[in-house]
Amino acid sequence: MEFLSEYGLFLAKSLTVVIAILVVAVGMLALGQRGQRPQPGHIEINKLNDRYRDFRDVMQHALLNDKDFKKQHKADKKKRKEEEKGSGEQEDARLRLFVMQFDGDIRATATDNLREEISAVLGVARSGDEVLLRLESGGGLVHSYGLAASQLRRVRDAGIQLTVSVDKVAASGGYMMACVANRVLAAPFAMIGSIGVLAQIPNFHRLLRKANVDFEQLTAGEYKRTLTMFGENTEEDRAKMQEDLEDTHVLFKDFVSEHREQVDIDAVATGEVWFGQRAIDRGLVDELQTSDAYIQGCLAERDVFEVKHIHKKHWQERLGMAAETALERSFLKLWQATIEKQHY
């Protein structure tokens, strides 16, 4: 009991300090950003062929003796010179792979960078070029991921091959994006699917009624508001919300069916997720392969470029991100401490 009391006090103090810091940081962020225009970003391009060649040189230097390394290095240098001799037309004819990354949160905030990267690539892409999107997302807001999927559609509409690679998860809105691709790759244990719609909301009506607090809500339009957090929800409200969810689900299924005709949509649109091979069996994925394996397999025949749009953040944004990271680390440390105490 003494340990629990001390630990509870420690936990309360730690949380109080962390929350206070976070509140101050968020307040400063809100005040600092008021009236400010978004900072312009820029595109960064890295040639992955050079990066992987550097990896190989480092490994050879470590594994070979000096004599063999110099011999190998000389042979590689000679080979590169021969390849570069007829640059001109041969260089122009060499196909290119443009690699992008999308790490999705609930609001699909990475869409802002994705749209800029796609715009940059479409300005220079030629017939035979390809875009590879390394996608990781468990889904989120319908309209946010709908826009992200529409950005990817721009690639296909331009006649450029689009490949999406999923190393960990592409679920719900994440799969809405993935299904747009000409080809979908997945790691063996990547989680794929979750073709469904979810809405959940807490309701504090009974708590407010117990505290003798009235909640007033005025609307114009029969269905301007259905479920509410503070008012009393009726069966009619719930029925309307369910109707809206079902309609959104139908739109989701139609979207997947449009882009992947081979899928039995009624069999997969259950909200379930499947791992790699199971997803292939259901037509959700075309091939089991990691993004790293796919990129390395393209290096010999293509020029491979990593394309990133870098958003310049205000100092207030950086402060907010630092506060969020500190909060996450604090909770992680507290959780680890709890596990260690329970273990011992």
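Each reported figure results from applying straightforward, stated rules to the coordinates on display, with no laboratory input. All values derive from a computational prediction rather than experimental measurement. Please note: Cβ atoms are built from the backbone with ideal geometry, for glycine as well, and neighbour counts cover all protein chains shown.
Taking amide H as placed 1.01 Å from N in the peptide plane, the amide H of GLY128 sits under 5 Å from that of GLN161, each at least 5 places away or on another chain. Computed from backbone phi with θ = phi - 60° and the Karplus coefficients 6.51, -1.76 and 1.60, the 3J(HN,Hα) list for the stretch 114-123 is 4, 5, 5, 5, 5, 4, 5, 5, 5, x Hz; x is used for glycine and proline.
Per residue, the convex hull spanned by the Cα atoms of the stretch 202-252 measures out at 75 cubic angstrom. Neighbour counts of C-beta atoms inside 10 Å place ASP266, ASP112 in the sequence ASP266, ASP112, starting with the fewest. Cβ crowding within 10 Å, taken as a proxy for footprinting-reagent exposure, orders THR163, THR219 from fewest neighbours to most as THR219, THR163. For the stretch 163-241, the Cβ-based charge dipole about the Cα centre amounts to some 240 debye (Lys, Arg positive; Asp, Glu negative; other atoms uncharged).
Would you mind ranking HIS205, HIS42 by Cβ crowding within 10 Å, fewest neighbours first?
HIS42, HIS205
Take the Cα coordinates of the stretch 172-299, assign each an equal point scatterer, and use the Debye formula without solvent to give log10 I(q)/I(0) at q = 0.22 Å⁻¹. At q = 0.22 Å⁻¹ the computed log10 ratios are -1.20. Using the charge dipole of the stretch 134-259 (Lys, Arg: +1 at Cβ; Asp, Glu: -1 at Cβ; taken about the Cα centre), state which of MET191, LEU208, THR163 has its Cα farthest towards the positive end. The residue sitting farthest along the positive end of the dipole is THR163.
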